[in-house]
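Novice: Provided herewith is a single structure, encoded as structure tokens, for subsequent inquiry.
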Amino acid sequence: MPVILQGIVTILIGVGGCVAYFYVSNYVLDRFIFPAKGENIGRNINRANAVRPWLFLFPAIFVLGLYLVYPVVGSFVRSLYGRDPEVFVGLGNYTQLFGSETFQIAFLNNLGWVIVVPAASTFIGLVAAQLTDKLSWGSFAKSMIFMPMAISFVGASLIWKFVYANDAEIGLINAIRAAMGFDDPIDVLQIPFWNNLFLMVILIWIQTGFAMVILAAALRGIPDETIEAAILDGANPWQLFFRIKVPQIMPTILVVWTTITVLVLKVFDIVYTMTGGNFDTEILPSYMMDFMFRDDGRATAIAFVIMIVVLPVMFWNIRQARREMR
């Protein structure tokens, strides 16, 4: 069947199925379950109206359960089995993970990513949003800063591989070292501790544009009367920025911060492309991939740990969003 015809048939079946579901479910509800007739007509109408919203919500709840809840439960159950899916090991996979030195390194590295990348991206994006707003060529500057967002993580990693190359003719860092009189090139991706920071720079470079765009919109939303009043009261530019503007856009800053944090917890491409997790740069997603095709139970255990780490951030983000809606 041609692709176009497949698309048309899929749309017809999807739309037609939804219409048929809502029509039939309402018909059965009103005609057979709570018929609007007889002595209990008023009670039946109230009951039908109470049930009707759930009929409309059921498809969405079913799909969410199928694609979100079921995989989570299934992953946890699979994590209780060993390499052989028939062998039940209970919490053995988790015990081995937390006792593994590599897992501990990956967990600490992930913690470093969560602390450094969102903070640096949000701060640099906030500064860039403020500075570019005052420039005549600010729109061009914003476009250049935002451009890395259009590059895939793998593409960005390949670009930065040239920057970090241990060759003075290719690598920017070694070229600067050569200009300063250092003859021996170094491979910065093999330097313990610092190599993790050099990998974080790549994601900061990508996410700064995102933070800048969101925060620039928030800064422009500050009422002019507030700025003018602060200036009349004698506030200098530093006080105007840190004591007037930043507190007013703090909810937006927190949203940007948490969004980047969730992204950081899922990052995999950069580490896998740059170092493959070697030289103590392993993080939880890349560590999970090490077991994906040879120990599915251990891999799903790591995936479940990542989910547990993400949950507090998500709950906090939802709580902040609800607080802003009040």
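The values are calculated or read from the model by the stated rules, or taken from the named source; none is laboratory data. Keep in mind the model is a prediction, meaning the values are calculated, not measured. Neighbour counts run over all protein chains shown; Cβ positions are idealised from the backbone, glycine included. The protein model used for the area step is the full one, side chains on, heavy atoms only, and it has no ligands, DNA or RNA in it. Shrake-Rupley method; radii C 1.70, N 1.55, O 1.52, S 1.80 Å.
Novice: Suppose we keep only residues that are hydroxyl-bearing (S, T, Y) and open to solvent by less than 90 Å² (accessible area, probe 1.4 Å) within the stretch 11-54. Which one would you say is nearest to the chain's Cα centre (by Cα)?
Specialist: Y21
Novice: Could you pull out the residue among V89, V114 that is touching a strand residue (DSSP E or B) at 6+ places or on another chain (Cβ under 7 Å), touching a residue at least 60 places away in the same chain (Cβ under 8 Å), open to solvent by 30 Å² or more (accessible area, probe 1.4 Å) and among the hydrophobic types (A, V, I, L, M, F, W, C)?
Specialist: V89
Novice: For the list (1) closer than 18 Å to I145 by Cα; (2) modelled with pLDDT under 85, I need the number of the one condition that K266 fails.
Specialist: For K266, the exception is condition (1).
Novice: Which one is nearest to V127 (Cα to Cα) among residues in the stretch 213-235 that are part of a helix (DSSP H, G or I) and charged (D, E, K, R)?
Specialist: So the residue we want is R220.
Novice: Is one or more of the residues making up the stretch 56-63 of a type in the set (A, V, I, L, M), farther than 30 Å from A20 by Cβ and part of a helix (DSSP H, G or I)?
Specialist: So far as the stretch 56-63 goes, no, none of its residues is of a type in the set (A, V, I, L, M), farther than 30 Å from A20 by Cβ and part of a helix (DSSP H, G or I).
Novice: Which condition number does I308 fail, the rest of (1) without any contact (Cβ under 8 Å) to a residue 24 or more places away in the chain; (2) assigned to a helix (DSSP H, G or I); (3) open to solvent by less than 40 Å² (accessible area, probe 1.4 Å) being met?
Specialist: (3)
Novice: So, one more: Please verify whether G209 is open to solvent by less than 60 Å² (accessible area, probe 1.4 Å), out of contact with any strand residue (DSSP E or B) (no Cβ under 6 Å at 6 or more places or on another chain), free of Cβ contacts under 8 Å to residues at least 12 places away in the same chain and assigned to a helix (DSSP H, G or I), treating the condition exactly as stated.
Specialist: Considered against the rule, which asks whether it is open to solvent by less than 60 Å² (accessible area, probe 1.4 Å), out of contact with any strand residue (DSSP E or B) (no Cβ under 6 Å at 6 or more places or on another chain), free of Cβ contacts under 8 Å to residues at least 12 places away in the same chain and assigned to a helix (DSSP H, G or I), G209 comes out as no.
Novice: Sticking with this one: Please give the number of the condition W238 fails out of (1) part of a helix (DSSP H, G or I); (2) buried (at least 16 other Cβ atoms within 10 Å of the Cβ).
Specialist: Evaluating W238 over (1) part of a helix (DSSP H, G or I); (2) buried (at least 16 other Cβ atoms within 10 Å of the Cβ) leaves (2) as the failure.
Novice: Given the residues I270, I253, I249, which is the only one that is within 16 Å of the chain's Cα centre (by Cα), in the same structural domain as S157 (by TED's automatic domain parsing) and closer than 27 Å to Q130 by Cβ?
Specialist: Criteria check complete, one pass: I253.
Novice: Of the residues that make up the stretch 62-77, is at least one open to solvent by less than 70 Å² (accessible area, probe 1.4 Å), more than 28 Å from the chain's Cα centre (by Cα), of a type in the set (V, I, T) and not assigned by TED's automatic domain parsing to the domain that holds R298?
Specialist: There is no residue in the stretch 62-77 that is open to solvent by less than 70 Å² (accessible area, probe 1.4 Å), more than 28 Å from the chain's Cα centre (by Cα), of a type in the set (V, I, T) and not assigned by TED's automatic domain parsing to the domain that holds R298.
Rundown of residues vs (1) closer than 13 Å to T208 by Cα; (2) within 19 Å of the chain's Cα centre (by Cα), yes/no style:
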{"residue": "N109", "(1), (2)": "no, yes"}
{"residue": "I124", "(1), (2)": "yes, yes"}
{"residue": "I170", "(1), (2)": "no, no"}
{"residue": "P192", "(1), (2)": "no, no"}
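Novice: Identify, please: which residue in the stretch 25-51 is outside any helix (DSSP H, G or I) and of a type in the set (A, V, I, L, M, F, W, C) and is, among those, modelled with the lowest pLDDT?
Specialist: A36
Novice: Here is a further query. Look at N109 and say whether it is open to solvent by less than 70 Å² (accessible area, probe 1.4 Å), assigned to a helix (DSSP H, G or I) and in contact with a Lys or Arg (Cβ under 7 Å, 6 or more places away or on another chain).
Specialist: no
Novice: Within the stretch 84-103, can one find any residue that is touching an Asp or Glu at 6+ places or on another chain (Cβ under 9 Å), outside the structural domain of Q207 (by TED's automatic domain parsing) and not in a helix (DSSP H, G or I)?
Specialist: The answer is yes; a qualifying residue exists.
Novice: Please determine whether any residue of the stretch 278-292 is among the polar types (S, T, N, Q), buried (at least 19 other Cβ atoms within 10 Å of the Cβ) and either in contact (Cβ under 8 Å) with a residue 24 or more places away in the chain or over 30 Å from I191 (Cα atoms) (or both).
Specialist: Among the residues of the stretch 278-292, at least one is among the polar types (S, T, N, Q), buried (at least 19 other Cβ atoms within 10 Å of the Cβ) and either in contact (Cβ under 8 Å) with a residue 24 or more places away in the chain or over 30 Å from I191 (Cα atoms) (or both), which makes the answer yes.
Novice: Filter the stretch 125-161 for residues that are among the aromatic types (F, W, Y), open to solvent by less than 80 Å² (accessible area, probe 1.4 Å) and farther than 12 Å from T273 by Cα and give the result.
Specialist: Residues satisfying the conditions do not exist here.
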